[in-house]
Structure formats: structure tokens, C-alpha cells
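Chemist: Before I ask anything, here is the structure I am working with.
The values are calculated or read from the model by the stated rules, or taken from the named source; none is laboratory data. As the structure is a computational prediction, the values presented were derived from the model and not from experiment. Methodologically, a virtual Cβ is constructed for each residue, glycine included, from the backbone with ideal geometry; neighbour enumeration extends over all protein chains shown. Just so you know, the surface numbers come from the protein's heavy atoms only, side chains and all, with ligands and any DNA or RNA stripped out. Shrake-Rupley method; radii C 1.70, N 1.55, O 1.52, S 1.80 Å.
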Amino acid sequence: MNLYIDYGGTNFRYSFDEGKLFNIKSDDVELIAFLETQINLQKDIRKIFISFAGQVKNGKIVSAPNIKIQNFDLKQYFYDNYNIEIILKNDINCAAIYEHSRHKDADVLALLYIGTGFGSAFVIGGEILSGKDNIAGEIGHIPFRKKNFMCGCGRSDCLELSVSGKVFKDGTFNDASEDVKKEFLDGLAFAFHTVLNLFDPDVFILGGGVVKNNPSLLNFLKEEYNNSSFRAIRGDLKISISDIEDANIEGLKILSKG
Ligand SMILES: [Zn+2]
């Protein structure tokens with residue numbers, strides 16, 4: 001059987017084949033120990049698919065701003081020790097694979113994800129945009145406003161420092177101060193217009209915990225679209241909030257069948 005894992009900055013969800021989805025806190029997980037325990041408990045795991053909230057390249061975790069694991073060759077380790085194949089993908093790309101399966105006719109599908117971090121992915125002509133180092137779409141790390149602390153990526157002015165669940169501390173968007181809300185919306189609008197002008201998407205999906213808890217962000221972006229540059233040229237935009245919670249896991253399942 002296959003083990004599917006969605007390893008996010010806050011939640012760690014997993015399921016075996018089409019079975020129940022388990023949910024634990026990412027802070028409580030030590031990934032290698034977790035995988036070895038599951039392999040020993042479930043004798044017939046053949047492949048492990050992981051959707052990961054960080055940068056991955058050739059099966060290796062390169063960097064993970066929100067998770068404490070870096071530069072470990074998981075794929076090689078589990079192949080050498082257990083003869084099990086690990087398929088490791090960036091989480092937003094997994095979600096984009098799922099969303100594209102729902103919008104197969106999209107020429108350019110753009111996905112913005114606001115959860116613990118702020119990410120994006122693009123499916124252009126049916127293919128995920130990867131770039132040279134598999135980090136295309138790291139919208140959360142575009143320079144925006146300078147802070148007096150560092151982002152996990154090495155800069156201190158990333159959009160993610162203004163637009164992500166992290167800026168609300170333990171609260172939500174609605175509990176935040178007016179200043180925090182304003183900066184969040186300024187950053188979100190900046191990201192949105194950047195995406196419109198760079199990619200001219202026909203399908204635009206919003207996802208992640210912050211969006212789910214604040215569905216009014218959809219109306220905010222619809223309004224921004226109406227005020228976008230070249231509005232007279234732009235046709236209608238199919239913009240919506242992702243309709244499922246586990247798009248990452250569903251994307252992995254699609255990958256496993258392809
Ligand atoms: Zn950054």
C-alpha cells in the first residue's frame with residue numbers, strides 16, 4: 001500500500017491508500033522516526049508520497065522555512081535501508097495538481113495559498129511551472145516591507161512576513177490590529193496584481209487555513225480584479241476558494257496514479 005503525508009507548518013496529516021486521514025501537530029513529528037515506525041508497523045508499505053511545506057529538489061528537502069528539517073536525502077535513506085520509494089513534492093505544487101484536475105481546461109491556473117506560510121503555484125498548459133531549481137512560484141519570498149527579524153529564506157523583507165497566518169500570532173485575521181490587517185491586505189493585493197500581470201491566469205484559486213477562516217478575502221480580490229490594470233482587456237476571471245481541505249493529499253493520490 002501507499003502512505004500519503006501532508007507535512008505542513010502546523011498540521012501533519014497522513015493516510016494509507018484511501019483510508020482515514022489522521023492529523024497530528026507538526027511540532028510533535030520527527031519525520032524519519034515517524035516513517036520508520038510506520039514501516040515497521042505496516043509491513044506492506046510500497047511507496048511513500050510526501051507533500052512538503054518547503055523547497056524540495058530531486059527528492060531532497062533543500063530548505064523549509066517553517067519546519068525543522070533541512071538537507072537530508074530522505075529518498076536515498078529509505079531506498080538504501082528499506083527499499084521503499086519516497087516521492088517528495090512541494091505542498092503547493094501538490095495542491096495545484098489537484099486543482100488542475102478540477103479545471104482541466106485552464107490555460108493558466110494560479111493558486112495562492114495562505115496558511116502558516118504564503119505560497120503560490122502555476123499550472124501552465126497542463127504542466128506545473130518548476131523553474132531551474134524547482135522553486136518557481138515562491139511568491140511569499142518576494143521583497144515587500146522590511147522587518148527587524150529574518151525570514152527562514154535568509155531575507156528580512158519577504159511578503160510572507162506581512163501576509164501569512166504567522167502575522168496573527170495565536171489569533172485570526174479578525175482579531176488582528178488595523179495596522180496588521182492593512183499590511184496584510186496591501187501585501188495580498190501586491191501579490192495578486194503581480195500574478196495577474198505576469199501570468200494572466202484564467203483560473204485563480206485561493207487556499208490555506210487563513211483563507212478558509214476569512215472567506216471575505218475572496219471578495220477583496222474580486223474587487224481588486226475589477227480595479228486591475230488593463231481591466232478593459234481582461235475577460236472574466238474564474239476565482240474561487242479551494243473546495244477541499246486536503247488538496248495536497250488528493251494531489252499526491254493523482255500523482256501516484258499517473
Ligand atoms: Zn523569505
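Chemist: Which angle from 0 to 90°, rounded to the nearest 10, does the C-alpha axis of helix 178-199 make with the longest principal axis of the chain?
Modeler: 80 degrees
Chemist: What residue among 161, 129, 188 shows peak mean-square fluctuation when the chain is described by a Gaussian network model with Cα springs under 10 Å?
Modeler: Most flexible of the set in this elastic network: 129.
Chemist: Rg to Rh ratio, segment 105-242, alpha-carbon atoms and Kirkwood radius?
Modeler: On the way: Rg = 14.7 Å, Rh = 15.4 Å.
Over the Cα atoms of segment 105-242, Rg/Rh equals 0.96.
Chemist: Also, quick follow-up: Roll a 1.4 Å probe over the protein chains and send me the accessible area per residue for the chain in Å².
Modeler: Value returned for the chain: 49 Å² of accessible area per residue.
Chemist: Nearest 5 percent is fine: what portion of the DSSP beta bridges confined to segment 1-157 is antiparallel?
Modeler: Rounded to the nearest five, the antiparallel share is 65 percent.
Chemist: Here is a further query. Let me check I've understood the local charge: for residue 108, count other residues with C-beta under 10 angstrom from its C-beta, Lys and Arg +1, Asp and Glu -1. What total comes out?
Modeler: Details: positive: none; negative: 107, 200, 202.
Residues close to residue 108 contribute a combined charge of -3.
Chemist: Rounded to the nearest 10 Å², what accessible area does residue 155 have for a 1.4 Å probe in the complete protein model?
Modeler: Rounded to the nearest 10, the figure is 110 Å².
Chemist: Taking Cα centroids, how far is segment 181-258 from segment 1-53 in Å?
Modeler: If we compute the Cα centre of each part, the gap is 28 Å.
Chemist: Could you work out the local net charge near residue 186, counting Lys and Arg as +1, Asp and Glu as -1, over the other residues with Cβ closer than 15 Å to its Cβ?
Modeler: Combined, the nearby Lys, Arg, Asp and Glu give -2.
Chemist: How large is the translational diffusion coefficient of segment 17-163 in µm² per second when you combine the Kirkwood radius over alpha carbon pairs with Stokes-Einstein at 20 °C and 1.002 mPa s?
Modeler: Translational diffusion coefficient: 127 µm²/s.
Chemist: Determine one quarter of the surface area of the Cα convex hull of the chain, which equals its mean projected area, and express it in nm² to one decimal.
Modeler: Average projection, Cα convex hull of the chain: 14.0 nm².
Chemist: Net charge within 11 Å of residue 202 by Cβ-Cβ distance, Lys/Arg positive one each and Asp/Glu negative one each, not counting residue 202 itself?
Modeler: On the way: positive: 234, 238; negative: 105, 107, 200, 236.
Every neighbour counted, the sum reads -2.
Chemist: Select from 209, 59, 154 the residue whose mean-square fluctuation is largest in a Gaussian network model of the chain (Cα-Cα springs shorter than 10 Å).
Modeler: So, out of 209, 59, 154, the one fluctuating most is 154.
Chemist: Rounded to a whole number, what % of the accessible area of segment 109-258 do carbon and sulfur atoms account for, probe 1.4 Å?
Modeler: Numbers: 3890 of 7370 Å².
Answer for segment 109-258 is 53 percent, counting heavy atoms of protein chains only.
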